[in-house]
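Worksheet for the structure shown next.
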Amino acid sequence: HAELFPPLQVKLALKLCSNECDQGHLFSDWDSTSRGDDEKKKKMMHQLELLDKNYQPGGLCEYIKNAKKLLKHAKEGQNPFDGWHPSVPKGENVEYGSKKHRELEKIGLKQAKKTAFVLVAGGLGERLGYKGIKVRLPVERATMETYLGLYVKSILAIQETDEVVRTSGQKIDVPLAIMTSEDTHAMTVDLLESNDYFGAKKTQITLMKQEKVPCLVDNDAHLALNDEDKYVLQTKPHGHGDVHSLLHQSGLLKKWKQMGVKWVTFFQDTNSLVFRVIPGALGVSKSRDFEFNSLCVPRKAKEAVGGIAQLTHTDGRKMTINVEYNQLDPLLRASSSDGSGDVNDPATGFSPYPGNINQLIVKLEPYEKQLSKTGGAIDEFVNPKYKDSSKTAFKSPTRLECMMQDYPKSLTGTKASVGFTVFDNWVGYSPVKNSPEDGKKKFDDGQPTHTATSGEFEFYNCASRILRLAGANVPEPEIDSKQKFNGMSFPTGSKVVLSPSFGCSFERVESKIDNLSLTAKSVLIVEGDVSFENVQIDGAFEVKAEKGSKIVLKNLSVKNKSWEWRSKANAKEEITRLCGFEIKKKETSSLLYSEKNKTLVVDGDLSQLELKTH
Ligand code: GDU
């Protein structure tokens, strides 16, 4: 068939058929006498060429070689942590709002101007049961802000701070790279374009698409063809670890270095709280000169977050690394004297191992150097589901995977400083990963549910708590066990949304509050430069100062019928079904001010507010 294909494709096919790669089965049905299906054959060679190009470094033959090795280890039941002993590592614990936290935020905000952000958003979130991309989900339904909108606006708020000024006096555009996949790319582009990049410049955001890898049918790493079409290879996602090779291949790291970027901060598709802790964590990276800093929260045993462990090898090597949640229990069982695995410490009610939330801060210079050496390749793993205990056949084709938090494995044996920073759950971690049904099971088990419902209430509760720490009088949220959302009850209280432009650090929020109180039934939505002096809210209040303008609220008592979060089961509308509630708006007081370079002072005069009855 050689005449059908360009020489490079012929070379690739011959390589695949070599003894080393042993993929002759891919072509064994090709009828050498008839020239039928030529177009399909061309498409298949094109697909193989792309798969070869996308698996870097090394191409398809390297993939097959790695797969054979890992499948052999899996069949032999080899423990990836053989020879390594786990212990609880020491990291930096930061209490949000404390003196130490304020100092770290000051240092961190200065570093923010030298930070590039990377969002990994190639996953579809199958566990959630949502049809769209996860970054399109609303963080909360009071404003319907999407995750992507919140992230971009948080980056813009950092960019707007006084600290983010180049020595030349010019403000810089803080860069954001988003890793997408075939499943999420078009929808991510559409979300950005239809929202005018959420106020960012188009050039500020770079999209990098990760490609899938071929599936494997057996322990000899034979590549899988589609059951319905023998000219199409089956493929699956390779995992978020691809982000490193994409950053390297795209040349972004070099470009950022030239721009004066010093840090790269990675984060995931749904964690509405991530930007609350980034300034403080950047402060830790800077002051402790961490080359790699994982953000963590206290972890409940068996929770689906990896545990950060110090691993010490019998030969003396040490590494501080994430042990993924499915591997932590067997590792701990194998190494403990009493066989206890992933269990809580009775004294604290949490696992002694801090939970990795995959918000990673990496020092750019050594990172870029290291990736130039490795090409961005990350340790891979394989997780085949075998048909039976002979481990010779798989239930369905498998593939190699990799995780972005495994990057420090490539630093073992070097002097690189790898550390972690722990914040409390309430301010650091609130992902949306699980369907209402799976969330309910976790709820019954006393586990965090990580549902759209918990995500929304945790977002409001975090903002309320920050206001309390800033001196405001906001009641603690309470659980009303009669009020169930999709069968689960959560602590709820005042619904507070503090947009990133209101303050991107604790001190900035605190500086805007001087005697503010809210009742539990209140809703407060604040955007822009707004300050509160002697303000009482008992109702729903939306206040927004457009960019460049300022509002000072003084001696005000806002009172109206407010909004209600009403439980609603089995709704047709997808988001309502996921959250298990709808919002009944009754009355809202609102104030919008957009005069550039001017301050609106509202002193005791309620008539300046608009009262809407819905
Ligand atoms: N992702 C990709 N490409 C992929 C797979 C995933 O970009 O091929 C992205 C997802 O969109 C998401 C992120 O990677 O933004 C993480 O994916 P999951 O939410 O599916 O990750 P897990 O829940 O399996 O676990 C990860 C870490 C854990 C812990 C946890 C915290 O592996 O150790 O940190 O996130 O949420």
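Every number in this text was worked out from the coordinates using simple rules, so none of it is lab data. Remember, it's a predicted structure, so these values are computed and weren't measured experimentally. Glycine gets a Cβ as well: all are built from the backbone with ideal geometry, and neighbour counts include every protein chain shown.
Data table
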item	result
Unmet requirement for residue 273, which otherwise passes all of (1) under 18 Å from residue 404 (Cβ atoms); (2) in contact with a Phe, Trp or Tyr (Cβ under 9 Å, 6 or more places away or on another chain); (3) not hydroxyl-bearing (Ser, Thr, Tyr)	(1)
Test: residue in the range 563-585 that is of a type outside the set (Lys, Arg), closer than 20 Å to residue 468 by Cβ and buried (at least 21 other Cβ atoms within 10 Å of the Cβ)	no
Members of the range 227-268 found to be of a type in the set (A, V, I, L, M) and either free of Cβ contacts under 8 Å to residues at least 24 places away in the same chain or more than 16 Å from residue 363 (Cα to Cα) (or both), listed by number	232, 233, 246
Some residue of the range 291-301 being over 30 Å from residue 103 (Cα atoms) and either outside any loop (DSSP other than H, G, I, E, B) or away from the ligand (no atom under 13 Å from the Cβ) (or both)	yes
Hits in the range 237-260 (condition: among the hydrophobic types (A, V, I, L, M, F, W, C), within 16 Å of the ligand (Cβ to nearest atom) and in contact with a helix residue (DSSP H, G or I) (Cβ under 8 Å, 6 or more places away or on another chain))	243, 247
Residues located in the range 330-369, provided they are part of a strand (DSSP E or B), among the charged types (D, E, K, R) and surrounded by fewer than 19 Cβ atoms within 10 Å (Cβ to Cβ)	345
Filter result (in a strand (DSSP E or B) and touching a Phe, Trp or Tyr at 6+ places or on another chain (Cβ under 6 Å)) within the range 488-505	488, 492, 495, 496
Any chance residue 561 is touching a residue at least 24 places away in the same chain (Cβ under 8 Å), among the basic types (Lys, Arg) and part of a strand (DSSP E or B)	no
Residue 112 being surrounded by 16 or more Cβ atoms within 10 Å (Cβ to Cβ), of a type in the set (Gly, Ala, Ser) and more than 16 Å from the ligand (Cβ to nearest atom)	yes
Qualifying positions in the range 308-329 - surrounded by fewer than 14 Cβ atoms within 10 Å (Cβ to Cβ) and away from the ligand (no atom under 16 Å from the Cβ)	314, 315, 316, 317
Residue, surrounded by the fewest Cβ atoms within 10 Å (Cβ to Cβ), within the range 38-73, restricted to residues that are out of contact with any Phe, Trp or Tyr (no Cβ under 7 Å at 6 or more places or on another chain) and not in a helix (DSSP H, G or I)	57
Selection within the range 347-369 - under 18 Å from residue 328 (Cα atoms), more than 16 Å from the ligand (Cβ to nearest atom) and either under 22 Å from the mean Cα position of the chain (by Cα) or free of Cβ contacts under 8 Å to residues at least 60 places away in the same chain (or both)	349
Selected residue (only one of 123, 97, 83, 91 is of a type outside the set (Val, Ile, Thr) and touching a Leu at 6+ places or on another chain (Cβ under 9 Å))	97
Single residue of the range 370-405 satisfying the filter (part of a helix (DSSP H, G or I) and away from the ligand (no atom under 16 Å from the Cβ)) that is surrounded by the fewest Cβ atoms within 10 Å (Cβ to Cβ)	373
Candidate set from the range 119-144 (those that are in contact (Cβ under 8 Å) with a residue 24 or more places away in the chain, part of a loop (DSSP other than H, G, I, E, B) and away from the ligand (no atom under 13 Å from the Cβ)); member that is surrounded by the most Cβ atoms within 10 Å (Cβ to Cβ)	139
Residue match in the range 179-193 (condition: closer than 24 Å to residue 382 by Cα, over 20 Å from the mean Cα position of the chain (by Cα) and not in a helix (DSSP H, G or I))	no
Odd one out for residue 582, checked against (1) farther than 30 Å from residue 131 by Cβ; (2) within 28 Å of the chain's Cα centre (by Cα)	(1)
